[in-house]
1. Can you return the aspartates and glutamates within cross-link range of residue 125? Criterion is Cα-Cα under 16 Å, with same-chain partners fewer than 8 residues away left out.
2. Using DSSP to call loops (not H, G, I, E or B), can you name the trypsin sites (Lys or Arg not before Pro) in the range 38-99 whose Cβ has at most 13 other Cβ atoms within 10 angstrom?
3. Name the lysines eligible as straight-distance cross-link partners of residue 85: C-alpha to C-alpha under 26 Å, and not fewer than 8 places from it in the same chain.
4. Using only the alpha-carbon atoms, what does the chain span along each of its principal axes? Please give whole angstrom values in decreasing order.
5. Using all Cα-Cα distances in the range 32-108, what percent lands in each 5 angstrom bin from 0 up to the longest?
6. Quote the charge dipole size of the chain about the Cα centre in Debye, to the nearest 20; the model charges only the Cβ of Lys and Arg (+1) and of Asp and Glu (-1).
7. Please arrange 156, 36, 69 by how many other C-beta atoms lie within 10 Å of their C-beta, fewest to most.
8. Counting Lys and Arg as +1 and Asp and Glu as -1, what is the net charge of the other residues whose Cβ lies under 12 Å from the Cβ of residue 152?
Amino acid sequence: MKPFDECWKYVVNCYQQPGVESILLELQETDELDIVLCLFVFWLLSNQIAISKESKQGLLHHQSYFLEVISSQRQWRFQNRSLMKGDDRYDEHYKELKGIELSMEKLYLKLLHTNVMHQQPCEIKDCLDRQQLLNLLKISQVSIDELDKKLSGVVV
């Protein structure tokens with residue numbers, strides 16, 4: 001079983017790769033990409049971790065909840081950004097709100113990780129293949145290929 005810290009470091013390293021943040025944020029905006037799930041899927045693939053079709057349901061359950069919560073937090077942060085312009089405490093408040101959002105994303109990643117790491121071992125026929133895993137991201141193959149290229153060399 002791979003520890004969560006290794007997964008978290010991989011996700012942070014991926015996000016810091018040149019050009020990755022901008023691609024992910026653009027896909028989040030245009031295609032409603034779930035960045036946390038995206039980077040988690042790439043971590044699974046890079047570590048050749050099989051995921052059962054049963055575990056997929058757990059991932060989707062966590063995703064629906066956290067997307068709602070994190071999206072609400074993000075919208076609130078953006079609304080407050082425009083309301084707080086000119087306020088001397090703006091930078092401090094914005095960093096606090098961003099920190100809360102990051103904490104929620106880390107918790108979401110931890111739940112995804114726990115769901116997969118505690119699954120029963122699955123036979124090949126009962127596991128999602130690479131394409132089925134990537135299909136969870138609901139983005140174009142062109143976008144997947146671009147991310148795959150940028151993230152292929154990331155190590156922890």
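1. Within reach: 54.
2. 85, 89
3. Cross-link targets: 95, 98.
4. Answer, in whole Å and largest first: 58, 28, 27 Å.
5. Calculated P(r), rounded to whole percents: 3, 13, 20, 20, 14, 11, 8, 5, 4, 2, 0.
6. On the way: 18 positive and 23 negative charges, 43 e Å.
For the chain, the charge dipole is close to 200 debye.
7. Working: 156 16, 36 23, 69 13.
The most exposed by this proxy come first: 69, 156, 36.
8. Once all neighbours under 12 Å are counted, the net charge is -1.
Computed from the coordinates by the stated procedures, all read-outs in this text should not be read as laboratory data. All values reported here derive from a predicted model rather than from experimental measurement. We place every Cβ from the backbone using ideal geometry, glycine too, and count neighbours over all the protein chains shown.
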